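The next block holds one structure in the form of structure tokens; read it before the comments.
The values are calculated or read from the model by the stated rules, or taken from the named source; none is laboratory data. What you see is a predicted model; the values in this text were computed from it and never measured. Here the Cβ is made from the backbone with ideal geometry for all residues, glycine too, and neighbour counts use every protein chain on show.
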Ligand SMILES: Cc1cc2nc3c(=O)[nH]c(=O)nc-3n(C[C@H](O)[C@H](O)[C@H](O)COP(=O)(O)OP(=O)(O)OC[C@H]3O[C@@H](n4cnc5c(N)ncnc54)[C@H](O)[C@@H]3O)c2cc1C
């Protein structure tokens, strides 16, 4: 707990400029935010405070393709990032046994859009002519690259450029250290390692300074709360309400463990493998030197012991050793704050909220938050309240969409092996907007009309991949439309197949490309 104190500052900040930014917290959220702000705003005084007593959470290994632009914008090279963060390429997710509890049940959610996505009704063509082929496998080449362990680019493809859209799997601990070094050495961010013990308020209710144990008071014009789940500034100091989503998404616990590969040259999966379990699911993330594996589950539906048993069985089944150390237990309450920007304090990262690791939305939300703060950095205190309202509106919308999208993975499951899956389909656990969309999607595929804001976290194509991957079958429209031209759709399916045929022999494996980058690096443009 931090102590909140009233301090008479007597300053009228309304017309003063915003120059001193204090970021409290040095996990992925703190350092990404510091990098994004410092790379753009050379005139700001940026200080980042991290506690010597409280480490970063140390999980969060899956990302979204936005991370490439973020890293490029911060000014790090892809070669250094891959070498120093033990990173590998991620081309989407493979969901196993989410529909039925059967070994042959799986579907892909790739990052590449369906071929001809905006030009034809591919869904009509798929249902009419190829209903037995999985949707993603028909409309996109990327699932086939993943199935063959291929990388999304060649050794000669320049840094951050893609043959197939991609993100990364990374070591969260190494990522924080890598960003810290770059921010401090190259971007002029001042690092203070100290523990925050109190918060001082000005007369107007703004935060005037944070009190540290060794360095005294640290004042600023704008404070970024990156203190993780404690949410020291926004949650504890300001008491901004936490909006729990446990009634929608039940998972609140995770067991995480690092699994060695059987051989130095074992293949590195090019996608996150997500396997449904009786009361949750297991993530399996392939890094160059190890796998990161974790079981996310609902403590209301199962015990830690049972969850650990399932995790160990999964690891053994997938070639991991029997004698692994005890997994690390993490607990969280799914949800987000009613506001993210309150007075002169913006929360980014776990301090703003967290739902669950499915689809790796947390780091993507950090990137979006940091980017909006960078682009809309208030010039004065007066401008801050206006921007805060916009920021809150943008991010309330985004958190709601993340919840809808994650819930979509559960509501269409046909699993009957536990209350967990039954409860997930109860109508009262499904957000109203998602219920409405599912009704519309009976007749029309998800489209830009469903997701019309700029920078949606998940595009409509992602909804199509999950919806149809989960076995949802729309009813074909009764009246003909020009865009339902089946031959045209078939042309795009042939294009996707031709691309698959060309790319499979031309692309190296994920491991081969990473080994190449370690030895020679990628070329820069
Ligand atoms: C099980 C699990 C799996 C996840 N998997 C993914 C994933 O695959 N993809 C994804 O995008 N996200 C994932 N996440 C979320 C991801 O881990 C976080 O969003 C990300 O790591 C950012 O965390 P953070 O920086 O907000 O908080 P933290 O890493 O907790 O950092 C908090 C910081 O605050 C500082 N601090 C705390 N108290 C004080 C104090 N009093 N004084 C000074 N400093 C203080 C600490 O020193 C630390 O530096 C996962 C989360 C969980 C729980």
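Listed here are the residues, each with its yes/no results for (1) assigned to a helix (DSSP H, G or I); (2) crowded, with 16+ Cβ neighbours inside 10 Å; (3) within 14 Å of the ligand (Cβ to nearest atom).
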position: 117; (1), (2), (3): no, yes, no
position: 123; (1), (2), (3): yes, yes, no
position: 144; (1), (2), (3): yes, yes, no
position: 164; (1), (2), (3): no, yes, no
position: 185; (1), (2), (3): yes, no, no
position: 200; (1), (2), (3): no, yes, no
position: 203; (1), (2), (3): no, no, no
Pairs only if they're at least six apart or on different chains, beta carbon under 6 angstrom, first in region 328-344 and under 14 Å from residue 357 (Cβ atoms), second more than 11 Å from the ligand (Cβ to nearest atom); list them, first residue then second.
334/245; 334/246; 334/249
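With more than 13 Å from the ligand (Cβ to nearest atom), within 28 Å of residue 424 (Cα to Cα), part of a strand (DSSP E or B) and touching a residue at least 24 places away in the same chain (Cβ under 8 Å) as the only criterion, which of 275, 302 stands out?
Working: 302 fails: part of a strand (DSSP E or B).
When all the criteria are applied, what remains is 275.
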Among (1) farther than 28 Å from residue 416 by Cβ; (2) within 16 Å of the ligand (Cβ to nearest atom) - the single one residue 310 does not satisfy:
(1)
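Take the conditions touching a strand residue (DSSP E or B) at 6+ places or on another chain (Cβ under 6 Å) and over 22 Å from residue 289 (Cβ atoms) and apply them to residue 154. Does it pass? Walk me through it before giving the result.
Numbers: touching a strand residue (DSSP E or B) at 6+ places or on another chain (Cβ under 6 Å): no; over 22 Å from residue 289 (Cβ atoms): yes.
No.
What residue, of 89, 81, is closer than 30 Å to residue 280 by Cβ, more than 9 Å from the ligand (Cβ to nearest atom) and modelled with pLDDT of 95 or more? Steps first, please.
Values: 81 fails: closer than 30 Å to residue 280 by Cβ.
The match here is 89.
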Check residue 30 against each of (1) touching a helix residue (DSSP H, G or I) at 6+ places or on another chain (Cβ under 8 Å); (2) under 30 Å from residue 284 (Cβ atoms); (3) within 9 Å of the ligand (Cβ to nearest atom) and name the one condition it does not meet.
(1)
Report yes if residue 433 is out of contact with any strand residue (DSSP E or B) (no Cβ under 9 Å at 6 or more places or on another chain) and modelled with pLDDT of 95 or more, otherwise no.
yes
Sort out which residues of region 205-245 are away from the ligand (no atom under 11 Å from the Cβ), part of a strand (DSSP E or B) and over 11 Å from residue 342 (Cβ atoms), and write them in order of number.
208, 209, 216, 217, 219, 222, 242, 243, 244
Members of region 439-476 found to be modelled with pLDDT under 90, within 17 Å of residue 126 (Cα to Cα) and in contact with a helix residue (DSSP H, G or I) (Cβ under 7 Å, 6 or more places away or on another chain), listed by number
476
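For region 90-98, indicate whether the set of residues that are in a loop (DSSP other than H, G, I, E, B), within 26 Å of residue 521 (Cα to Cα) and over 24 Å from the mean Cα position of the chain (by Cα) is non-empty.
In the first step, residues of region 90-98 are kept if they are in a loop (DSSP other than H, G, I, E, B); the result is 91, 97-98.
Then keep just the ones that are within 26 Å of residue 521 (Cα to Cα); that gives 91.
Filter once more, so that each one left must be over 24 Å from the mean Cα position of the chain (by Cα): none.
Within region 90-98 (the criterion being in a loop (DSSP other than H, G, I, E, B), within 26 Å of residue 521 (Cα to Cα) and over 24 Å from the mean Cα position of the chain (by Cα)), the answer is no, since none of the residues qualifies.
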Looking at 362, 427 in this structure, which one is more than 16 Å from the ligand (Cβ to nearest atom) and at pLDDT 95 or above?
427
